[in-house]
Amino acid sequence: MRFAYGLICAVIMATVANAETVVVARRPVIVTAQDHALVLARRGTLIHSSCGQTEGIACGPTIESARRACCFFGQRQIVEEGVAYSPARRQWFAVIRYR
């Protein structure tokens, strides 16, 4: 829904203003835990998504250490998880969503 709204706004702005001078920037729509992990690794920072689920995020030198550092790890049932490596930070970023 947010993507459709953003796309409609972008089209309206591009048609109203001169297309050469309009720069439309929108936030990426994060759908899965893996997508969120990729965004975190690319940015090199830990930021929660507003996905509406309980979510744990963390980083660490190994995949397992990043997973275990996530909030609620071992306390709640895992619904979805994703991990991604950041070459710039030389760390793994983990995102776990819980029930």
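Readers should treat all values here as calculations from the given coordinates under stated rules, not as data from a laboratory. Since the model is a prediction, treat every value here as computed from it, not as a measurement. Because the Cβ atoms are built from the backbone with ideal geometry, glycine has one as well, and the counts that use them run over all protein chains shown.
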### Query
Do we have residue 67 as more than 14 Å from the chain's Cα centre (by Cα) and surrounded by fewer than 18 Cβ atoms within 10 Å (Cβ to Cβ) here?
no
### Task
For residue 79, state whether it is of a type in the set (A, V, I, L, M, F, W, C) and touching a Lys or Arg at 6+ places or on another chain (Cβ under 7 Å).
yes
### Hits in the range 72-99 - residues which are of a type outside the set (S, T, N, Q), without any contact (Cβ under 8 Å) to a residue 24 or more places away in the chain and either over 19 Å from residue 35 (Cβ atoms) or buried (at least 20 other Cβ atoms within 10 Å of the Cβ) (or both)
73, 74, 76
